[in-house]
Amino acid sequence: MQIPPFDLNDISHEPSDEQLDDLMEAVADAARRHADAARAQLMLRLRAEITAIKLPQRRQA
């Protein structure tokens, strides 16, 4: 069932519980996507930094 949109700035009409639930779920989804993108970017940078490290050469015994 599609719930009609509402305006958060309209103080004379309160959104329904279903509309608030939808809004909270949309915010949570956006936060998850943002966190996933940030995590992926961090992992790319971390891998690049790790591969850029030049370890000292070990002497052969």
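Computed from the coordinates by the stated procedures, all read-outs in this text should not be read as laboratory data. Because the structure is a prediction, the values reported are computed rather than measured. Neighbour counts run over all protein chains shown; Cβ positions are idealised from the backbone, glycine included.
Before moving on, here are some points about what is shown:
- In Å, descending, principal axis extents of the Cα set of the chain: 81, 24, 12
- Net charge dipole, the chain: roughly 1540 debye, given to the nearest 20, about the Cα centre with Cβ charges of +1 for Lys and Arg and -1 for Asp and Glu.
- Helix 17-52 vs. the chain, principal-axis angle (Cα, 0 to 90°, nearest 10): 10
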